[in-house]
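What follows is a single structure, written as C-alpha cells, with notes after it.
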Amino acid sequence: MTTTRSKPPVKAFHFVTLFCLCIHPGLYSQLTGQAYAGVILPPLPEVREPFVLDAVNDPTNGKGAFSFEGREVPPVIRTEPGGRIRVEYVNHMSTESKELCVDGPCTNMTNLHFHGLHVSPNSPQDDVLSMMAMPGQSLQYVVNIPMDQPPGLYWYHTHPHGESYQQDLDGMSGAIVIDGIDRYVPEVRSMRERIVILRDAELREHDAESSLLKEQVELSPTACGAATGEPQRIFTVNGVVRPRIAIAPGEKQFWRIVNASPDLYADLELDTEQLTAIALDGMPLAYHDPNRRAESLQHVLLAPAGRVEAIVTGPKAGVHASLRTRCVDTGADGDPNPAMVLADIDASEAAPTRSIPGTPSTQKAVYKTLSPSLVKGLEGSTAGFEIKFTEDAHGFYVNDRKYSPTDGPMLTVKIGHYVHWRVVNESHEIHPFHIHQVHFLVYEENGKKTAQPEWLDTVNVAPEGSVDLIMDFTDPIIRGMSVFHCHLLKHEDKGMMAKILFQ
C-alpha cells in the first residue's frame, strides 16, 4: 500500500455525463441491462452471528455467487472484539461447472477465509487448508475474535486453491466490520458510515456494452507504465458501475473501502478533497502509536485485498467531484491497470445512512506499542527469513517451489516474538504479499527506509524490488498451520503460495 501525504488538492474534473450501468446483484463480473441515470450507491445488508450463507450458481450465467436470505448480495458481517462470527456455509453450486479455473474446468469446491483477522488457523475458524465443501456439502464456522483485535474493516472471500481467482472474480466476497474504531477516533461516532466494496465487471472485445462501460467510467485510452495489452475489467462499487455517493456540502462521512478485486489495483483519490485516513488494512493508525490518530492523504494505493478507512468531506455546493482510481504501473509482465472514475460525489443532498456506531463503545482503546530499541534492533538485523517470488511460463513460485496441497510447511515459527522478514520480487510485475493471521510493519522498500512505516496485512512488492517487514508473531491464538501468498489470486492458484506452521 502506497500513500501520498499532505499535498494541495487536485482540481476538480468537470464533466456532464452522470449515467451509471447497474450490475445485477451478485453478478459483479457479468454485464446486464442498460444505462440508468443517477443511481445512488446502494446500501448493503448487515448481519450479526449466527447466519447462513449459500454458495450458488447464478441461473442466468452459471457464475458463482454468495446468496444471503434469497438475494445475491453478500452481507456485511459485524461483530466486536471478544465477539464471534458464526456462519453455516452451504455449497449449493453445481457438480458440473461452466467456468474454467487455472487447471481446467472448475470443480466448485469452496470455503471461506476471514482476511486480516488475528484468529486461529485451525478448524472451525480460519482454516483454508482442511475445511473444504464440495457441491452438496456445508461447513460450520465459529470464529472467535480476540479482545485485542484491532477494530476496523476486514473482509471474507473464498479460498479454495486453484479456484480462488475465479470465485473472487465472480464476486464471492463480502466485508467484515469489527466495531470499536470510535475508541481511537471518537468523532466518527456522529458521522454517516459508508461501506464501499470494489469488485470487477468484465470487458469483452468488439462488444457494444463493454464499449459503453469504458465510456461510462472514462477509462483512460492511454497506456500507462510498462504493461501491454487491453484492459480486461473495470471496477464496480457495491455492484454498480459509477454510482452517485450522496454527501452534503461540508458534511463529514466515514468511508470504509475494500478492494475485493482478484488482481486490479485501486489508487484512490478524490477530485477536490484529501482523504483523512484513520486505518489501513483494518489497523487503526493509533493502535501502535497513540499519537497518530489520522493522516491526510492525497491518494492511497490499495492492492487487491487492501483497505482504507477515511473521513471524507463533502465538496462545496455546485462543485462536481468524483472518486477515481489513478493509473497503476504493474510492470512489463503485469496487466494494464488504467485510470477510471469509480463514483460521482453528489453534494446536493445526503441520503440517510447509519452512523458509526449505533452507540458509543464503552470499552477502552487497546494499544500495542513497540519500544524504539526493539524496532531499531530488528531493522538492523539480518532477515530471519527471505521470501523470493519468481515466475515462468510454467507457473509461479515461492523460493523456487510451486505450491501443492500435499506440501509440508515451508517454515516453522515459534510464537512469542517479532521477526525481521524480507520479501524479494525477482519478476517483472508487481506482487502483493499477504500472510494469514497477522499484520506486519513495512519499514523499508527497495533498500530504502519508508517515509512512514505502516502496519498492513497486504503489501506491494515492486518488480525487481523488495520490502523489509517486522512480523508480529506474538499472539498465542494463531498456533497452527497457515499460509502466505501473492494476493494476485491467479498467481496464488498457479503456485505462488506456501504453508507456515505457528508453534
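The values are calculated or read from the model by the stated rules, or taken from the named source; none is laboratory data. Owing to the predicted nature of the structure, the values given are computational and were not obtained by experimental measurement. Virtual Cβ from ideal backbone geometry, glycine too; neighbours counted across all protein chains shown.
Annotations
- Wholly within segment 51-159, strands (runs of 3 or more DSSP E) carrying at least 1 residues that are under 30 Å from ARG183 (Cβ atoms): 51-57, 76-79, 84-91, 113-115, 138-144, 152-157
- For LYS490, the conditions (1) under 25 Å from GLY395 (Cβ atoms); (2) part of a strand (DSSP E or B) are fulfilled apart from (2).
- Scan of segment 160-209 for residues that are part of a strand (DSSP E or B) and either more than 24 Å from ALA55 (Cβ to Cβ) or aliphatic (A, V, I, L, M) (or both), ordered by number: ALA175, ILE176, VAL177, ILE178, ARG192, GLU193, ARG194, ILE195, VAL196, ILE197, LEU198, ALA201
- When residues of segment 380-424 are limited to those that are outside any strand (DSSP E or B) and charged (D, E, K, R), the one surrounded by the most Cβ atoms within 10 Å (Cβ to Cβ): LYS402
- Test result for LEU501, closer than 24 Å to LYS402 by Cα, part of a strand (DSSP E or B) and in contact with a Phe, Trp or Tyr (Cβ under 6 Å, 6 or more places away or on another chain): no
- Residues (β-branched (Val, Ile, Thr) and either out of contact with any strand residue (DSSP E or B) (no Cβ under 6 Å at 6 or more places or on another chain) or assigned to a loop (DSSP other than H, G, I, E, B) (or both)) located in segment 225-248: THR228, VAL241, ILE247
- Those residues of segment 461-487 which are within 23 Å of the chain's Cα centre (by Cα) and either among the polar types (S, T, N, Q) or assigned by TED's automatic domain parsing to the domain that holds ALA303 (or both), in sequence order: SER466, SER482
- Matching entry among PRO463, PRO432 (being of a type outside the set (Ser, Thr, Tyr) and not in a strand (DSSP E or B)): PRO463
- Matching option when the condition is part of a loop (DSSP other than H, G, I, E, B), under 15 Å from SER173 (Cα atoms), at pLDDT 50 or above and among the hydrophobic types (A, V, I, L, M, F, W, C), among LEU44, LEU27: LEU44
- Of residues in segment 127-153 being touching a Gly at 6+ places or on another chain (Cβ under 9 Å) and closer than 18 Å to PRO50 by Cα, the one surrounded by the fewest Cβ atoms within 10 Å (Cβ to Cβ): ASN144
- Test set (1) surrounded by fewer than 18 Cβ atoms within 10 Å (Cβ to Cβ); (2) outside any strand (DSSP E or B); (3) of a type in the set (Ser, Thr, Tyr) - SER427 fails condition number: (1)
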